[in-house]
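Below is one structure, written out as structure tokens; the observations come after it.
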Amino acid sequence: MSRTNGMARARSLLTSASVLGLAAAMFSAPAVAQEAPEAASQPTETITVTGYRAGLQAAAAVKREETGVVDAIVADDIAAFPDLNLAEAIQRLPGVAIDRDAGEGRQITVRGLSPDFSRVRINGMEALSVTGGTDSSGGGNRSRSFDFNTFASELFQSVVIRKTQSASVDEGSLGATVDLRTARPFDYDGFTVAAGAQVGWNDLSEEFNPRLTGLISDQNADGTFGWLLSLAYSDRAQLEEGHSTVRWQNANSFGGCTACVTPADEAAVNNAFHPRIPRYGRLVHDQERLGVTGSVQFRPSGVTEISLDALYSRFDATRSEQFLENFSFSRGGSATPELVGKPAQIVTAYEIDANNNLIYGVFDNNDIYAEHRYDELTTEFTQFTLSLTHEFTSRFRVDGVVGRSESNFSNPVQSTILFTNFDSDGFSYDYRQNSRTPAIDWGFDVNDPTNYQLTEYRDRPNYVDNTYTTAQFNAEFDLNEIFTLRGGVNWKSYEFDSWEGRRDLLLPAAQWMPVTAAMATQVTGFGNGLGMPSGNVTSWAIPDVGVVADMVGLYQRPLVPQTGNIRNVEEDNLGGYLQAAFSTDWGGMPVRGDFGVRVVRTETSSTGIISGVEVTVDNEYTDTLPSFNLALEPTSNMVLRFGAAQVMSRPSLGALTPGGNVSGTAYTVNYGNPRLDPFRANNYDFSAEWYFEDESLFAVALFYKDIESFVARATDTIPFSQTGLPASAVPSGTPLAGDLAANLDPLVDVSRNINGEGGDLRGLEVQWVRPFNFLPAPFDRFGAVMNYTWVDSDVNYGAAGSNQLTGLSRNSYNATLYYEDERLSARVSFNGRDPYLTQFPGRNGNDEEGKERTFNVDAAIRYNLTDRVTLTFDGINLTDEFNSQYVDSANRVSVYHHTGREYLFGVRYRY
């Protein structure tokens, strides 16, 4: 991995930010102080900031006025969020990094904690939206992590990342609470219309991609009633091309090695790591995204406001994965002798590197697959929220929210067809020139479909539903000029439901079908910008999924339930809090803060299938979560903050399943663990923020999290009653079933998820925002927004040892250089993050799995033709950054894919 380059970039950026920040401190502040007397005698000049700078100014105001540590993004115009993808906008904030799928940001990591540890609220109510991804990107989302790519960014007015906890903020996050807010009619002054149209061009797919946005809002003359409707639509065609291996392994032995001279040579070849399924592939993504928001606000008096907000989003996608691959390396001895596995392969030439990798080899007796997988995917999200605020007196006020959100993900078609060329001789791969894009010779004409036989077809439809129902009430009373008491209750009901069925068929040899041209289609023009060695094939035959599926009656075959993904979790949370906020002077310095406690009771009911029997296990736990936040202003432009809190995050949905199996003869149980406790941690935060000029900020934040435990896999001997499983889960007629029938409580060996040992996490954030108004024209129109984050952790993974948290990049950074005048607004943004783990320990004998460093460059230009019409240009992924995944600290390639650059041209109108 390019760890050195990533660290060098980070150090370089941090150094630049530090130098610029020091320069601002040394020159700008004294200059203002010296000119102050003269300025006092001059008329005050009012400067109106618009565009991107206005968005920065509004975000800084949000940050400054909060008691806790927050960062924000505010739309710089009507329906004009500053990035095309919501996740990619959030990554501009300090401490936030994103993970991408199909070239788009999908999930976020905050301060090194993976997406499962952050909560998302939309218009004040917790919500969860999930979709499906490629297998290498995690596949279908069956976790608590939020998929941001299901929403158009234009639907939102602001994003606030809350990094510290107050008693008044809902529990459930170790990392951050992300507040998304859609637009409302009272945000605007009277009748408002905005519309936009863009067309994008991707240089890899060579497809045009349209985007349309619109907003209309109005209110009555006295401002007591208003309504708003907004819409965003996009249609995106994307190609993804590259090399992958589905990990490396060294299990099993080859059938022989004619290139080996001694038995020691042959042992070395058999013990070396090789790619499991070396392949090249193209993924064709077609994505259609529709989002609609509606809002009605009623303000019958100056002390009452009622808002009804609705959000609907539909994300439709198809994905076609087209691979040419050698499958024999991943097989051991096969129960079907005709399917050639590694024990039948003969090594005729080879080379092993210093890391025990078989980086070059020529092999006989290979089964070569032409694979075509086709998916249809839909996420439909609906949310309705009713909120109320009312002031009974100048000192007593209440507010409340009730609402429901529902996210339904369906993958009704997940069909794979496989053509096989059997016993192929002369296959070779060669990583010696490039460890990411090897030279591959397949040993036969891969473009001729008659060289294959139809051997396997399958379909795996699956569905995931997530539903939240929420009711919250808060009351606030000003006790005196210093203290305000706030308290409230919150009830939340959450349900997760997952289902999968399969209709898989591996044909016996007697039923293999010769492939005809009518059963196949072609991949052509493969490899643009990939950096493959010359001589690699750029076209090959693949199955035509629709033709073959109809021919074999794939969709008429019965579905077999996939019990591992048939599970359900119902979760009811009832919480209450009491908080005291204060604002006063301390030694002439303004000081404000809050302290309080939140108590929440969680009741779960987890359902899964164990040994063919559906079982449900209940659990409950109560958490008492104190918190304290303090903000001190030693000068008029500086804020010092301190926060301390006990926090919790509920267990992952997959870990809670009671599904698995019970052996009534061996007295063993293998399942998840529906009686897991939540993750709990003590959080400590300190920050210093210097607002040294208008629109300027220099901030440093330190944070530390002492996490009590992480879920680990363990085997224990415990009484059967402590598993939480009913006696019906034990196969009848077995000794264990007999013991339970006799009212005994026998000991069983249980492999399950447990609340294992914990770990700690510590980090540093540096943020610098500065318009260059101290420079002579025209350079005074430039400005910069920069941040850098360093995070480190030490987590005990049980028998696997200690390592970093998965998803944690030790260094990450963002930098935006912008220019803005009355007509033109332009900016270029740089984003980078260090390598990070995706799984520990790794699979197939690899010590870890992860992703390499990334460095992305985006650009945006806005030109105001008139006061109402703006021309737009956006450049996305201008460096065509690769998704580069690895296995093992020896840095073996797992995935090396790219999606190309995208350019969008458009026009926006506002009234």
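Here, each number is a calculation from the coordinates, and none is a lab measurement. All figures in this text were calculated on a predicted structure; none of them were measured in a lab. Ideal geometry is used to build each Cβ from the backbone, glycine not excepted, and the neighbour counts take in all protein chains shown.
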request  = Please arrange Tyr233, Tyr52 by counting, for each residue, the other beta carbons lying within 10 Å of its beta carbon, fewest first.
outcome  = Tyr233, Tyr52
Separation of alpha-carbon centers, segment 828-895 and segment 270-298, rounded to whole Å = 14 Å
task = Quick one: order Tyr813, Tyr911 by neighbouring beta-carbon count within 10 Å, fewest to most.
result = Tyr911, Tyr813
inquiry  = Which residue, Leu485, Ala60, Phe855, has the largest displacement toward the positive end of the dipole of the chain when charges sit on each Cβ (Lys, Arg +1; Asp, Glu -1)?
reply    = Leu485
note = If Ser721, Ser387, Ser493, Ser405 are placed from fewest to most neighbouring beta carbons inside 10 Å, the sequence is Ser721, Ser493, Ser387, Ser405
message = Calculate the FRET efficiency for Val62 and Asn670 from the Cβ-Cβ distance with a Förster distance of 51 Å, rounded to the nearest 0.05.
response = 0.55
ask   = For Asn220 and Ala741 in one chain, what is 0.36 nm times their gap in residues minus the Cα-Cα distance, to one decimal in nm?
value = 180.3 nm
request  = Using the Karplus curve 6.51 cos²θ - 1.76 cosθ + 1.60 with θ = phi - 60°, work out ³J(HN,Hα) for each residue of segment 690-704 in order, rounded to whole Hz, and write x for Gly and Pro.
outcome  = 10, 8, 6, 8, 4, 6, 10, 7, 10, 9, 10, 10, 10, 9, 9
note = In terms of the alpha carbon gyration tensor, root eigenvalues a ≥ b ≥ c, rounded if a/c is under 1.5 and otherwise prolate when a/b exceeds b/c or oblate, segment 496-588 is oblate
inquiry  = Show me the ranking of peptides 880-887, 152-159 by mean Cβ neighbours inside 10 Å, starting with the highest.
reply    = 152-159, 880-887
request  = Select from the chain the helices, each a whole stretch of DSSP H, whose alpha-carbon atoms run 20 Å or more along the helix axis and whose Kyte-Doolittle mean is at least 0.0; answer none if there are none.
outcome  = 3-23
query = For the chain, with only Lys/Arg (+1) and Asp/Glu (-1) charged at the beta-carbon, what is the dipole magnitude about the Cα centre, in debye rounded to 20?
reply = 560 debye
inquiry  = How much length would be gained if the chain were fully extended between Arg713 and Thr516, taking 0.36 nm per residue of separation minus their Cα-Cα distance, in nm to one decimal?
reply    = 66.0 nm
note = Checked the chain with the C-alpha gyration tensor, a ≥ b ≥ c its square-rooted eigenvalues, rounded below a/c of 1.5, otherwise prolate if a/b is larger than b/c and oblate if not; verdict prolate
request  = Would you work out which of Ser825, Leu324, Thr584 lies farthest towards the positive end of the dipole of the chain, given +1 charges on the beta-carbon of Lys and Arg and -1 on that of Asp and Glu, about the Cα centre?
outcome  = Thr584
ask   = Under the classification rounded if a/c is under 1.5, otherwise prolate if a/b is larger than b/c and oblate if not, where does segment 402-470 fall, given a ≥ b ≥ c as square roots of the Cα gyration tensor eigenvalues?
value = oblate
ask   = Between segment 429-480 and segment 306-324, how many Å separate their Cα centres?
value = 16 Å
task = Place +1 on the Cβ of every Lys and Arg and -1 on the Cβ of every Asp and Glu in the chain, take the dipole about the Cα centre, and give the residue among Ser428, Phe679, Ala310 whose Cα lies farthest towards its positive end.
result = Phe679
message = If the only charges are +1 at each Lys and Arg Cβ and -1 at each Asp and Glu Cβ, what is the size of the charge dipole of segment 725-852 around the Cα centre, to the nearest 20 debye?
response = 480 debye
Partner lysines for Lys492 [C-alpha distance under 30 Å; skip if fewer than 8 residues away on the same chain] = Lys63, Lys163, Lys705
remark   = In whole angstrom, the spacing between the Cα centers of segment 635-697 and segment 518-535 equals 45 Å
request  = Between Asp572 and Phe444, with labels modelled 7 Å along Cα→Cβ, what's the label distance in nm to one decimal, could you check?
outcome  = 6.2 nm
Charge dipole magnitude, Cβ of K and R +1, D and E -1 - segment 110-178, Cα centre, debye nearest 20 = 200 debye
ask   = For the chain, what is the calculated [θ] at 222 nm in deg cm²/dmol (nearest 500), taking -39500 (n - 2.57) for each run of four or more DSSP H residues and dividing by its residue count?
value = -2500 deg cm²/dmol
